[in-house]
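Contents: one structure, followed by commentary.
The values are calculated or read from the model by the stated rules, or taken from the named source; none is laboratory data. Remember, it's a predicted structure, so these values are computed and weren't measured experimentally. Counting neighbours? That spans all protein chains shown, and the Cβs are built from the backbone with ideal geometry, glycine included. In case anyone asks, the SASA skips ligands and DNA or RNA and just uses the protein heavy atoms, side chains included. Shrake-Rupley method; radii C 1.70, N 1.55, O 1.52, S 1.80 Å.
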Amino acid sequence: MTSRPPLIRELLLIVALYTGYKVGRRAANGQFSEAFENAERIWDLERALRLPSEAWVQDVVLHSETLIRAINVYYATVHFPAMVLFLVYMYWRRPGHYLWFRWVLTWLTGAALVLHLLMPLAPPRLFRTGDMVDTSAVYGPGVYEEPDPDSMSNQFAAMPSLHVGWAVLIALTLIVATRGRLRWLWLIHPLITVLAVIATGHHYWMDGIVACALLAVIVAVLRPPLVPRPPVEVLEPAAPRPAAEKPPLPPEPVPTPAAARPARRES
């Protein structure tokens, strides 16, 4: 069994990575004009690729206020807590896959940060061409305030979608690290996440596609460890049964000597 890495070291490393990511997102904030120009390019590219409109998905979901509120709650409360709980689970229960997962998570988040810096992108809820609304602001719970260059959150860090990337990574890791047919049900988490980020107007289709493409490249380089199969019990062949003993043969008659035979009477 693979030993767990030191807990204190892992906590310090994760805190350092998260702090660096937040600082990087903060440094990329405030690029308003470039973010809206990129949003127009992404919107036109998706229409050229004949992807379904994000506005159409949102319009379908808005027919049920209960559904859109549930999706808003899922978007606001599941993303980060799910990753924290999953890190704890992997560290404690799957140490053989924990290091691989942590490195994939690090590279995926780092690559996303680079794209946030290079390509600021206004999400659909801020890009009014699609006639989409900010469902979090309308129905609650609220996630972001009005865009502000001095705010701590960068609302233009939409490309790629780490909501989608992290959800796919969690499902992929559980599929790789466990056995059984039911493990494929973990794909429900990224499917709901994709619906949530699109219907709420926080991301484009391309945000999730790029996140999955980055993850595919990283996993191709950092191959996951194999799950050892349970040992197969080899049955030893049964010892051959001893042959049944044959009953002893009766002793053969001993021939009588001619001298000992009685004389034959003559008539």
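Taking region 31-65 on its own, how many of its residues are farther than 24 Å from Val133 by Cβ and open to solvent by less than 30 Å² (accessible area, probe 1.4 Å)?
The total comes to 0.
Looking only at region 165-205, filter to residues that are more than 12 Å from the chain's Cα centre (by Cα) and of a type in the set (Phe, Trp, Tyr); which one of those is most open to solvent (accessible area, probe 1.4 Å)? Quick ask: steps written out before the conclusion?
Pass one, region 165-205, residues more than 12 Å from the chain's Cα centre (by Cα): 179-182, 192-205.
Of the ones still in play, those that are also of a type in the set (Phe, Trp, Tyr) are 204-205.
Numbers: Tyr204: 2, Trp205: 63 Å².
Ranking the candidates gives Trp205 first.
Could you tell me which of the residues Tyr91, Tyr75 is more than 22 Å from Asp207 (Cα to Cα), modelled with pLDDT of 90 or more and part of a helix (DSSP H, G or I)?
Details: Tyr75 fails: more than 22 Å from Asp207 (Cα to Cα).
Of Tyr91, Tyr75, the one residue that is more than 22 Å from Asp207 (Cα to Cα), modelled with pLDDT of 90 or more and part of a helix (DSSP H, G or I) is Tyr91.
How many residues does region 175-204 hold that are touching a helix residue (DSSP H, G or I) at 6+ places or on another chain (Cβ under 6 Å), within 29 Å of Arg50 (Cβ to Cβ) and part of a helix (DSSP H, G or I)?
Selection size over region 175-204: 9.
Would region 100-123 turn up any residue that is among the charged types (D, E, K, R), open to solvent by 30 Å² or more (accessible area, probe 1.4 Å), over 21 Å from Val194 (Cα atoms) and part of a helix (DSSP H, G or I)?
Within region 100-123, not a single residue is among the charged types (D, E, K, R), open to solvent by 30 Å² or more (accessible area, probe 1.4 Å), over 21 Å from Val194 (Cα atoms) and part of a helix (DSSP H, G or I).
Limited to region 20-56, what total is found for residues that are at pLDDT below 85 and small (Gly, Ala, Ser)? Steps first, please.
Initial filter on region 20-56 (at pLDDT below 85): 20-33.
Now drop any that are not small (Gly, Ala, Ser), which leaves 20, 24, 27-28, 30, 33.
Counting residues in region 20-56 that are at pLDDT below 85 and small (Gly, Ala, Ser) gives 6.
When you scan region 61-72, how many residues do you find that are in a helix (DSSP H, G or I) and touching a residue at least 40 places away in the same chain (Cβ under 8 Å)?
First, the residues of region 61-72 that are in a helix (DSSP H, G or I): 61, 65-72.
Still in the list and also touching a residue at least 40 places away in the same chain (Cβ under 8 Å): 61, 65, 68-69, 71-72.
Residues in region 61-72 being in a helix (DSSP H, G or I) and touching a residue at least 40 places away in the same chain (Cβ under 8 Å): 6 in total.
Is at least one residue of region 210-233 part of a helix (DSSP H, G or I), closer than 22 Å to Ala137 by Cα, modelled with pLDDT of 60 or more and touching a Ser or Thr at 6+ places or on another chain (Cβ under 9 Å)?
Here is the first cut: in region 210-233, the residues part of a helix (DSSP H, G or I) are 210-221.
From what's left, closer than 22 Å to Ala137 by Cα: none.
Taking every residue of region 210-233 in turn, none turns out to be part of a helix (DSSP H, G or I), closer than 22 Å to Ala137 by Cα, modelled with pLDDT of 60 or more and touching a Ser or Thr at 6+ places or on another chain (Cβ under 9 Å).
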